[in-house]
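The values are calculated or read from the model by the stated rules, or taken from the named source; none is laboratory data. Everything numeric here is computed off the predicted structure, so don't read it as measured data. All Cβ positions, even for glycine, are placed from backbone atoms using ideal geometry, and neighbour counts span all protein chains on display.
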Amino acid sequence: MKIDRLIGILSILLQKQKVTAPDLARQFEVSRRTVNRDIESLCQAGIPLVTTRGANGGISIMENYKLNRTVLTSAEMQDILAGLRGLDSVNGANQYKLLMEKLSAGSSDFLLGDQSVLIDLASWYKTSLAPKIHEIRNGIGLCRELEFDYYSPKGESRRRLQPYYLIFRWSSWYVWGWCTERKDFRLFKLNRMENLRLTEKEFVKEKLLPPDLTDERVFPGGIHVKALFDSSCKWRLIEEFGIHCFEEQPDGNLLFCAEYTDRENLLEWLMTFRDHVLLLEPEEIRQELSEALKRVLQRYERQALKGHHTGSA
């Protein structure tokens, strides 16, 4: 695209004193005539460019023109490139590689230098996530509705969505938009979406602020949890809730206190600790967890008994 090429040329001119038209033509794989038109476009945009002839000639920004040639520091550029590499780690198509080259054009140190920040957003679901992300971005860009099967704790349903934002948060990918079934803006987790397709139905996008996805807004709490964990669970509590979520007891156990939002999610989370946790509060969930564990034990006992009879036969 022309605008990408113009940004790339301007980036080179900001980083180099002078560059020739043939060099620009080779770098962007266009003709010299196209480069000349691009230079003219930059001049019309208010960037005073000067062309000199001769052995040391070339194109440069007019001397003493008040344009900061260090718009981005090396550290700032490294942060930008790290973010772009992170996006490429998701889609696997290297579509941001060309943009990285344009941004760092004229200064190979940006790409080949010390890259101290590495961001990899890929997951175990990269193969299935990449096409979903691609389709959702098309829906956002073209203002066309998406249709998909959605699997939630409340059941399965076929949804239609007018997509506004593709979001990476809480270690997962989400899409936020207007759900035509619920008549409201909703957040959908990509890993729960299947049979996603871009429909032909267009929609008029409203001018909205980005959704408020602060933890306090999405996870308002409401369930005060108090539990006693074995000391062996310390690393996981720190990883998931931070070091201030528990008080170490004289016997080495960890008294955990936190606010939880989803009852079912809490039960599932506690059960992943097996016999290394004792729920103290709230009492009603403590009873529910106790009954659930009894049912699990009974199921295993029935299976063991069934296997014993089968073996005896």
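Some points to look at:
- Residue that is nearest to Glu206 (Cα to Cα), among those in region 153-172 that are over 21 Å from the mean Cα position of the chain (by Cα) and in a strand (DSSP E or B): Arg160
- The test for being surrounded by 13 or more Cβ atoms within 10 Å (Cβ to Cβ), more than 22 Å from Asn265 (Cβ to Cβ) and in contact with a helix residue (DSSP H, G or I) (Cβ under 8 Å, 6 or more places away or on another chain) holds for Tyr164.
- Screening Thr180 against (1) over 24 Å from Arg263 (Cβ atoms); (2) under 21 Å from the mean Cα position of the chain (by Cα) leaves a single unmet condition, (2).
Condition check ((1) among the basic types (Lys, Arg); (2) more than 24 Å from the chain's Cα centre (by Cα); (3) not assigned by TED's automatic domain parsing to the domain that holds Ser157) across all residues:
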| position | (1), (2), (3) |
| --- | --- |
| Asp184 | no, no, no |
| Phe203 | no, yes, no |
| Glu239 | no, no, yes |
| His244 | no, yes, yes |
| Pro250 | no, yes, yes |
| Leu254 | no, yes, yes |
| Asp262 | no, no, yes |
| His276 | no, yes, yes |
| Leu279 | no, yes, yes |
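- In region 264-296, the residue that is surrounded by the fewest Cβ atoms within 10 Å (Cβ to Cβ) out of those that are within 15 Å of Asp230 (Cβ to Cβ) and of a type in the set (D, E, K, R) is Asp275.
- Selection of first residues in region 241-260 that are closer than 13 Å to Leu228 by Cβ and of second residues that are assigned to a loop (DSSP other than H, G, I, E, B), restricted to Cβ pairs under 7 Å at least 6 apart or on distinct chains, gives the following pairs, ordered by first then second residue: Asn253/Asp230; Leu255/Gln249.
- Residues considered: Val204, Val175. Of these, the only one that is assigned to a strand (DSSP E or B) and at negative phi is Val175.
- Residue selected from region 129-147 under the condition among the basic types (Lys, Arg) and at pLDDT below 95, by the criterion farthest from Leu166 (Cα to Cα): Lys132
- Just one of (1) at pLDDT 95 or above; (2) among the hydroxyl-bearing types (Ser, Thr, Tyr); (3) touching a Gly at 6+ places or on another chain (Cβ under 9 Å) fails for Tyr150. It is (3).
- Considering only residues in region 12-49 that are touching a residue at least 40 places away in the same chain (Cβ under 8 Å) and part of a helix (DSSP H, G or I), the one that is surrounded by the most Cβ atoms within 10 Å (Cβ to Cβ) turns out to be Leu13.
- Hits in region 128-158 - residues which are in contact with a strand residue (DSSP E or B) (Cβ under 7 Å, 6 or more places away or on another chain) and among the hydrophobic types (A, V, I, L, M, F, W, C): Leu129, Ile133, Ile136, Ile140, Cys143, Leu146, Phe148
- Some residue of region 246-264 being at pLDDT below 90, charged (D, E, K, R) and either assigned to a helix (DSSP H, G or I) or more than 19 Å from Trp170 (Cβ to Cβ) (or both): yes
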